[in-house]
1. Considering just Cα atoms, how many Å³ per residue does the convex hull of region 199-371 enclose?
2. Once you have a ≥ b ≥ c as the square roots of the Cα gyration tensor eigenvalues for region 1-111, tell me rounded if a/c is under 1.5, and otherwise prolate or oblate according to whether a/b is larger than b/c.
3. Along the Cα→Cβ direction, 7 angstrom out, place labels at residue 292 and residue 268. What is the inter-label distance in nm?
4. What are the GluC sites (Glu not before Pro) within region 282-366 that DSSP puts in a loop, where the Cβ has at most 15 other Cβ atoms within 10 Å?
5. Using only helices, what value at 222 nm comes out for the chain when you add -39,500 (n - 2.57) per DSSP H run of length 4 or more and divide by the total residues, to the nearest 500 deg cm²/dmol?
6. Report the gain in length on full extension from residue 181 to residue 260: 0.36 nm times residue separation, minus Cα-Cα distance, nm rounded to one decimal.
7. Give, as a single signed number, the net charge of other residues whose beta carbon lies under 10 Å from the beta carbon of residue 120, with Lys and Arg counted +1 and Asp and Glu -1.
8. Report, in whole Å, the centroid distance computed from the Cα atoms of region 260-321 and region 8-43.
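Laboratory data are not the source of any read-out in this text; all were calculated from the coordinates shown. Just so it is clear, the structure is predicted and the values come from calculations on it, not from any experiment. Backbone-built Cβ (ideal geometry, glycine too); neighbour counts: all protein chains shown.
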Amino acid sequence: MRIAVVVHTLKMGGMERVATSLADAFVQSGHKCDLVYLKDRKVDLKPNTDVPVHLFNLKRAALGKFHGPICFLGSKILNAIFRKSNLLWFNRLEAKVFESKLKALEVKNGSAFDLVIFRGQGTFEHVWILNDSRFVFVCENVQKKYMYKGLSKKVFHSLFDYRNVACVSTGALDSFLDMAKTHNLAYKKAIMLSNPCDFNFIRESAKSKESVHVKPFILGLGRLVHQKNFSLLVEAFAIARKKYHIEHDLLIVGSGPDEVIIRKKVNELDLDSSVHFKGSVSEPFHYYKQSDLYVLSSKHEGLGMVLLEALAVQTKVIATDSPGGVRQIMNGELELFLSEMAPNALAQKIAFALSFKETEEYTKDVERVLSQFDRFNIVEKYIEEFV
């Protein structure tokens, strides 16, 4: 089989890391795979195997057409009037560019793709006018029924009618089906199909790295954006130090627009000497390994791959009990480490987790959860369901 995995960018991020892992998994399973990204930004992530990587710079190519600039300007004007409508206009032109570039790549490869997998809504928004039975649209997060404001019904029909849809968790699938029912969508197929995780690579990458911090530490890792809720983590950390007398530092690994807000919170709580910002790291697995605890404080998560990465290197985890796929990971003995989305509750869980001694039941449940995300089983499922 020949597969194309398509993602918006290859910047640092969970969805982008999953896209490269999925491409690797197809190659390791004996298939041919190309990885395509659509936006000309700095490339932070690459596959670990010999996967060809291609930039389809849709915006530049569309603007280079005779009517491209006029279409782009008109789209901007209409978007100012009808908010969130941009994808209905200029993206039509981008879709045609994508179709042309995909055909050119097939000619270059000497064969057509059997399956084209688009990771994330921000990716398949660019190709919504194309009707191709090989396309699979992967929903990485929970759906907001009215995310496109007054145009939501129109946009969701454009995106999902007669499409194959894969959702990365049962929570993401439930939210998709609820949204589809609200707007009466005519999707072709919608299934839950989790993200692949290369646990061998994670464990190897976590080895033999120099120490990242001089003191024992708790880890927060992810994009510094509102959804990830790092301010909650900082508040809970402050309470845990004061109320439960923990002596760990907090390391925050990642970058994003909320960094200023989070730093301000750290300063307000007089935590400058115990909270340390480490920036983005392309392979952060040694941070998990060296930490005593990883905390996911998100408002919602499509799945929560970071939890799997931490568990893979035998690091304890805590997660807020948020909408989406977190409970697909945090079940059985791991359910003990779910927290309410409140500073005091999260602080109590931090103290509990740091003092927790692993039991045989806990270890078995971790192994059981990890086994559900075996990359070869997930590749097999894609072929079985969509080819």
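1. 107 Å³
2. Prolate shape, in that a/c is at least 1.5 and a/b is the bigger ratio.
3. Calculated label separation equals 2.8 nm.
4. Taking region 282-366 and a limit of 15 other Cβ atoms within 10 Å, the loop GluC sites (Glu not before Pro) found are 340, 358.
5. Using -39500 (n - 2.57) per qualifying helix, the result is -13000 deg cm²/dmol.
6. Between residue 181 and residue 260, full extension yields 24.5 nm more.
7. So the surrounding residues net to -2.
8. 23 Å
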